[in-house]
Amino acid sequence: MPTERFQFTSSDGHQLAAALDLPERTPHAYALFAHCFTCGKDVLAAKRIATALAARGIAVLRFDFTGLGSSEGDFANSTFSSNVADLVRAADHLRETRKGPAILIGHSLGGAAILAAAGQIPDAKAVVTIAAPSDPAHVTHLFGDRVEDIRQHGKVEVQLAGRPFHITSEFLDDIAEHSLMAQVTKLHKALLIMHSPTDDTVGIDNATKIFVAAKHPKSFVSLAGSDHLLSGKRDAAYVADVIAAWAARYVDLALPAQAPASDHAPRKVVVSETRNGKFQQTVSVGPHRLVADEPLAAGGDDSGPGPYDYLLAGLGACTSMTMRMYADRKSLPLDRVTVTLDHRKIHAEDCAECETRTGMLDQIERVIAIEGALDAEQRTKLMEIADKCPVHRTLKSEIRIVTSAAD
């Protein structure tokens, strides 16, 4: 997926580094993503979820909060309130340059910030929290043994995830003042809460409190087996799948109207790497979005069918459609056609009717099940028609592939 990198100005005048992950064509909708405490826009969970959503047609803006990553400002001077203000400003920038975010997504403390900011982002119709605390003050457990020192000295350096950060007493005062559950009660937007029951950083009881406080429509999805940071590739892909499916109920994900194509005009197939995993690809065919991958045994993540799977699917679909067209034209009592296919390599010497006599050959085995009150003659004719499907004839004929470099 293409990614645009740019900066926008925060409410405090700092330049914040941002990345906008875009689909290959016009987005269905825009989303705003808030990363976890002391993380950044390029943390694996944020990047993987954003890329996966872009592959599903949803553009995602992620950015570094003040003082983090490539953004300007001093982290020591940032607070939970400033993070919320950064989110509102990010939504404003997205609205001014593209379109306002219909979906808000927040991970960990970013989830709490999204809940606090949602009421100030009128475009948002759907809000998603991932492993979010029900109280921003929950973050103090990460440096609980230094809270008294921070209160006494005003600012203390603490170690978070192996890195030094300065935490101030202003930060502690700010998170203590936020009544997040009161804001959740007044959310008035669809809410999806995603949390692992074994999260040892932010306990599952936080999800329970958010869910109880929220008004309907609200949903909960368990991220069983995942860790707090969603470090597993499959976890991030699952989160993106669920968000895309869930949001479709509350957000209009239809593509903008386009000029109708000719009924017989061929549609281009565009295949592009997602960089989410070793082999994953997004396949775009007109308004349709598919995912291709390799199985685990071949080094992929098995997040979608493989190239030969799509080849077999094309032949199978064409076979069934051709038989259906013939049956309808002849008024045959055909109820259903099911085509099962398999591809394998065989030794040429094992194929008596093949012209090639040495080396290996590709063999596609196709089994066709025909349901309906058909007599023997009708079934025989339908089997003959199966071999007349256009894809079958293409595979059996000489194929010329012309390859050129893109401009």
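Taking the stretch 122-138 as the range and being in contact (Cβ under 8 Å) with a residue 60 or more places away in the chain and crowded, with 23+ Cβ neighbours inside 10 Å as the test, the residues that pass are Ala124, Ala126, Val127, Val128, Thr129, Ile130, Ala131, Ala132, Pro133, Ser134. Of everything listed in (1) at pLDDT 90 or above; (2) open to solvent by less than 70 Å² (accessible area, probe 1.4 Å); (3) among the aliphatic types (A, V, I, L, M); (4) over 28 Å from Val60 (Cα atoms), the single unmet condition for Val212 is (2).
Can we say Leu192 is surrounded by 14 or more Cβ atoms within 10 Å (Cβ to Cβ), modelled with pLDDT of 80 or more and in a strand (DSSP E or B)? Show your work before the answer.
Working: surrounded by 14 or more Cβ atoms within 10 Å (Cβ to Cβ): yes; modelled with pLDDT of 80 or more: yes; in a strand (DSSP E or B): yes.
Yes: the conditions hold for Leu192.
Looking at this structure, is Asp241 outside any loop (DSSP other than H, G, I, E, B), open to solvent by 20 Å² or more (accessible area, probe 1.4 Å), charged (D, E, K, R) and in contact (Cβ under 8 Å) with a residue 24 or more places away in the chain? Answer is yes for this residue.
If I filter the stretch 195-217 down to residues being assigned to a loop (DSSP other than H, G, I, E, B) and without any contact (Cβ under 8 Å) to a residue 12 or more places away in the chain, which single residue comes out as nearest to Ser108 (Cα to Cα)?
Step one: list which residues in the stretch 195-217 are assigned to a loop (DSSP other than H, G, I, E, B), which gives 196-203, 214-217.
With without any contact (Cβ under 8 Å) to a residue 12 or more places away in the chain added as a condition, the list becomes 203, 216.
On the way: Gly203: 11, His216: 22 Å.
Checking each candidate, the answer is Gly203.
Which of the residues belonging to the stretch 1-51 are in a strand (DSSP E or B) and under 22 Å from Phe165 (Cβ atoms)?
In the first step, residues of the stretch 1-51 are kept if they are in a strand (DSSP E or B); the result is 3-9, 15-21, 29-34.
Once the filter is applied, which keeps residues that are in a strand (DSSP E or B) and under 22 Å from Phe165 (Cβ atoms), the stretch 1-51 yields Gln15, Leu16, Ala17, Ala18, Phe33, Ala34.
Residues in the stretch 244-257 that are within 18 Å of the chain's Cα centre (by Cα), open to solvent by less than 70 Å² (accessible area, probe 1.4 Å) and touching a residue at least 40 places away in the same chain (Cβ under 8 Å): Ala244, Trp246, Ala247, Tyr250, Val251, Leu253, Ala254, Leu255. So is Phe220 assigned to a helix (DSSP H, G or I), farther than 16 Å from Leu109 by Cβ, at pLDDT 95 or above and hydrophobic (A, V, I, L, M, F, W, C) or not? Judged against the criteria, Phe220 is not a match. Among the residues making up the stretch 139-177, those that are assigned to a loop (DSSP other than H, G, I, E, B) and either over 19 Å from Thr66 (Cβ atoms) or open to solvent by less than 50 Å² (accessible area, probe 1.4 Å) (or both) are Gly154, Gly162. Counting only strands (runs of 3 or more DSSP E) wholly contained in the stretch 52-134, the ones carrying 3 or more residues that are within 18 Å of Leu22 (Cα to Cα) occupy 58-63, 103-107. Within the set Ala18, Ala50, the sole residue that is buried (at least 24 other Cβ atoms within 10 Å of the Cβ), aliphatic (A, V, I, L, M), in contact with a strand residue (DSSP E or B) (Cβ under 9 Å, 6 or more places away or on another chain) and at pLDDT 90 or above turns out to be Ala50. Taking the stated definitions as given, is Ala327 at pLDDT 90 or above, over 23 Å from Val269 (Cβ atoms) and touching a Ser or Thr at 6+ places or on another chain (Cβ under 7 Å)? Judged against the criteria, Ala327 is not a match.
The values are calculated or read from the model by the stated rules, or taken from the named source; none is laboratory data. If you're wondering where the values come from, they're calculated on a predicted model, not measured in any experiment. A quick note on method: Cβ atoms are made from the backbone with ideal geometry, for glycine too, and the neighbour counts reach across all protein chains shown. The protein model used for the area step is the full one, side chains on, heavy atoms only, and it has no ligands, DNA or RNA in it. Shrake-Rupley method; radii C 1.70, N 1.55, O 1.52, S 1.80 Å.
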